[in-house]
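Asker: Can you keep this structure in mind? I'll have questions shortly.
Please treat every number below as a calculation from the coordinates, not as lab data. Here the structure is a predicted model, which means the values were calculated and not measured. All Cβ positions, even for glycine, are placed from backbone atoms using ideal geometry, and neighbour counts span all protein chains on display.
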Amino acid sequence: MRLFAASLAAALLTVRGQIRMSSSLPVAAVCQMTATPDKEANFSACTRLVEQAKEGGASMVFLPEGFDYIGSSREETLALSESLDGDIITRYTHLARKLDLWLSLGGFHERGHDWKTDRRIYNSHVIINGQGEVVSVYRKAHLFDVELTSKGVSLKESAFTVAGPRLLPPVQTPIGKVGLGICYDLRFPELSSALQRHGAEILTFPSAFTVATGAAHWEVLLRARAIETQCFVLAAAQVGSHHSRRASYGHALAVDPWGGVIGDCGGADVGVTLVQIDLQTLRDIRRDMPVQQHRREKDFYCSLD
């Protein structure tokens, strides 16, 4: 905790210094936590992060996939799930309203529309505005069904999760237009490109990356998505051991539209990185390297099919 406090203090000092120089720029807070099956402990941990982000001047806070909990079995994961009008989301709407903050809740275990008959859930990314209203709910489209035996990774998300049916338009927020993804969605550049074409200035991929895949691919994928779309990319993350069967890589990151890492929570501790979102920088990059204008029509890219 001392390391976390020192790290946070340094981050706040840096961002506050930037704010004094550029007071008109909004601040985003990208959080890192270690969720367990204990929902109450997780809510307390997230509340502390959100309150610290508020103290640092953030106007929008990004929490990772599984912020509500990470279960130790399929049965526990399903049993702990809730609907959007349940206790957990209600408490976060109250928190957002109390602090006048926008919240990105990056992977809520939402009971599916046919819960009573099929006992399956959505992995849902919930956006709450500063008035405590749910303004967007994106349901994860790409499910993590992966068997990497040589690396000790075996997860089958589709065993209990329903894939979301569609992308959602980017959400206008105090920091810019935010396009929503979740974790494994990061590996599908078509999703990011579609969100950019519909106005996204910021892409967000709240995640719980495994240690093996995170070490190999996490940063390079986030930077690639930023470079090819010329968007800011904000990726809250889980870190450390959740229970005896699962651990996450950490390194919650913020990346600018040039592909530079501007915030990193590291791979060991809970914490928050605070970054200013300069949309003029984004506009300058898109003007100087007009990639989107150089893109060919859709039929061109399908000409080999």
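Asker: Need one number: % antiparallel among DSSP beta bridges in the chain, to the nearest 5.
Answerer: Bridges in the chain that DSSP calls antiparallel: roughly 65 percent.
Asker: Which of the three applies to region 101-239, rounded, prolate or oblate, going by the alpha-carbon gyration tensor with a ≥ b ≥ c and a/c under 1.5 meaning rounded?
Answerer: Verdict is oblate for region 101-239.
Asker: Give the peptides 111-118, 94-101 in descending order of average Cβ contacts within 10 Å, highest first.
Answerer: 94-101, 111-118
Asker: Still on this structure, please answer the following. Do you know the relative contact order of region 209-276, to the nearest whole percent, from alpha carbon pairs under 8 angstrom that are 6+ apart?
Answerer: 29
Asker: Based on the mean of other beta carbon atoms within 10 Å per residue, what is the order of 263-273, 163-173, 131-141, most packed first?
Answerer: 263-273, 131-141, 163-173
Asker: Tally Lys and Arg at +1 and Asp and Glu at -1 over the other residues with C-beta under 10 Å from the C-beta of Gln131: what net charge comes out?
Answerer: -1
Asker: So, in Å, what gap is there between the alpha-carbon centers of region 97-166 and region 22-71?
Answerer: Taking the Cα centre of each part, region 97-166 and region 22-71 sit 17 Å apart.
Asker: Lys and Arg at +1, Asp and Glu at -1: add these up for the other residues within a Cβ distance under 12 Å of Ser81 and post the number.
Answerer: -1
Asker: If you wrap a convex hull around the alpha carbons of region 56-181, what volume per residue comes out, as a whole number of Å³?
Answerer: 126
Asker: Rounded to the nearest angstrom and ordered from largest down, what semi-axes does the equivalent ellipsoid of region 166-305 get from its C-alpha gyration tensor (root of 5λ)?
Answerer: 27, 18, 13
Asker: Here's another thing I want to ask about it. Let a ≥ b ≥ c be the square roots of the eigenvalues of the Cα gyration tensor of region 235-285; is it rounded (a/c under 1.5), or, if not, prolate (a/b larger than b/c) or oblate?
Answerer: Here region 235-285 falls in the prolate category.
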